[in-house]
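Below: one structure, written as structure tokens.
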Number of protein chains: 2
Amino acid sequence: MERIPILRMGEFLLVTIQVDMHDRLAMTLQDDLTNKIQQTGASGVLIDISSLEIVDSFIGRMVANISAMSKVLDAETVVVGMQPAVAITLVELGLSLPGVRTALDVEKGMQLLRGALGAHEEEAQYAACEG
Amino acid sequence: MERIPILRMGEFLLVTIQVDMHDRLAMTLQDDLTNKIQQTGASGVLIDISSLEIVDSFIGRMVANISAMSKVLDAETVVVGMQPAVAITLVELGLSLPGVRTALDVEKGMQLLRGALGAHEEEAQYAACEG
């Protein structure tokens with residue numbers, strides 16, 4: 001059965017989307033990813049779409065869903081590697097990927113996640129001090 | 001045009017092979033990867049084959065070629081994520097991936113590369129002291 005591999009990189013998970021997504025593959029990815037977050041206790045998910053030349057509303061919705069599910073499991077999602085043409089098309093189609101962070105490449109995505117985690121921990125410490 | 005994305009992760013490059021390889025795609029990957037090593041000065045290449053259920057002599061040769069080319073450009077190659085069934089088939093086919101290092105997953109592959117680089121630097125220092 002076709003599956004999209006999920007790679008563990010320290011505290012983050014990396015998903016590289018290279019093939020055309022269809023319903024069943026998207027469902028499998030959601031299942032696999034949520035399971036993997038739960039197993040590994042990952043705090044961030046990076047979705048690399050650098051090889052996608054077209055991002056339609058189906059992919060947009062899938063990414064938004066994954067982001068929302070990860071959020072519930074306490075993991076932040078960052079979409080990385082979007083091609084310029086894809087960004088143009090997304091805006092022209094009126095798809096703005098609400099609630100999804102983006103970064104230029106995997107390295108910048110990891111920096112963003114580390115920054116977000118740092119801020120998160122500081123907030124938690126601050127809340128603990130206040131309480 | 002179809003391409004396999006090459007992701008930069010610090011000093012290493014990560015290639016995830018998810019699609020069926022054919023001649024032209026393999027050539028494009030070799031071109032892209034050697035260019036990327038030259039541009040980034042990467043010292044290691046990780047090839048993730050966790051989503052491949054079949055590794056035939058064509059893929060085996062491609063991996064061996066990539067490894068040899070990277071070596072010439074002073075980068076080590078590690079193949080990661082091989083499925084157990086693939087390992088069985090490789091041995092049964094008499095394909096032993098000569099000159100290619102393997103690791104269980106991306107994290108272990110990175111550790112292996114870091115270890116190899118450390119040893120490499122120590123050797124260089126030793127040679128410098130000897131000289």
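Would a scan of region B:41-55 turn up a residue that is β-branched (Val, Ile, Thr) and farther than 19 Å from residue A:7 by Cβ? Yes, that holds for at least one residue.
Within region B:98-109, being under 30 Å from residue A:42 (Cβ atoms) and out of contact with any Leu (no Cβ under 7 Å at 6 or more places or on another chain) holds for B:100, B:102, B:104, B:105, B:107, B:108.
Note on region B:1-95: enclosed helices (runs of 4 or more DSSP H) holding 1 or more residues that are surrounded by fewer than 19 Cβ atoms within 10 Å (Cβ to Cβ), more than 14 Å from chain A (Cβ to nearest Cβ) and in contact with a strand residue (DSSP E or B) (Cβ under 8 Å, 6 or more places away or on another chain) are B:57-72.
Within region B:99-118, residues that are among the acidic types (Asp, Glu) have Cβ atoms under 7 Å from residues that are open to solvent by 80 Å² or more (accessible area, probe 1.4 Å) in these pairs: B:105/A:8; B:107/A:8, counting only partners at least 6 apart in sequence or on another chain. Kindly check whether there is at least one residue in region A:84-95 that is under 14 Å from the mean Cα position of the chain (by Cα) and either of a type outside the set (Val, Ile, Thr) or modelled with pLDDT under 90 (or both). No, every residue in region A:84-95 fails to be under 14 Å from the mean Cα position of the chain (by Cα) and either of a type outside the set (Val, Ile, Thr) or modelled with pLDDT under 90 (or both).
Scanning region B:98-120 for residues being at pLDDT 90 or above and either crowded, with 16+ Cβ neighbours inside 10 Å or charged (D, E, K, R) (or both) gives a total of 12.
The values are calculated or read from the model by the stated rules, or taken from the named source; none is laboratory data. Note that the structure is a prediction, hence the values are computed from the model and not measured. Note that we place each Cβ from the backbone using ideal geometry, even for glycine, and neighbour counts take in every protein chain shown. For the accessible areas, the whole protein counts, side chains as well, though only heavy atoms, and no ligand, DNA or RNA atoms are used. Shrake-Rupley method; radii C 1.70, N 1.55, O 1.52, S 1.80 Å.
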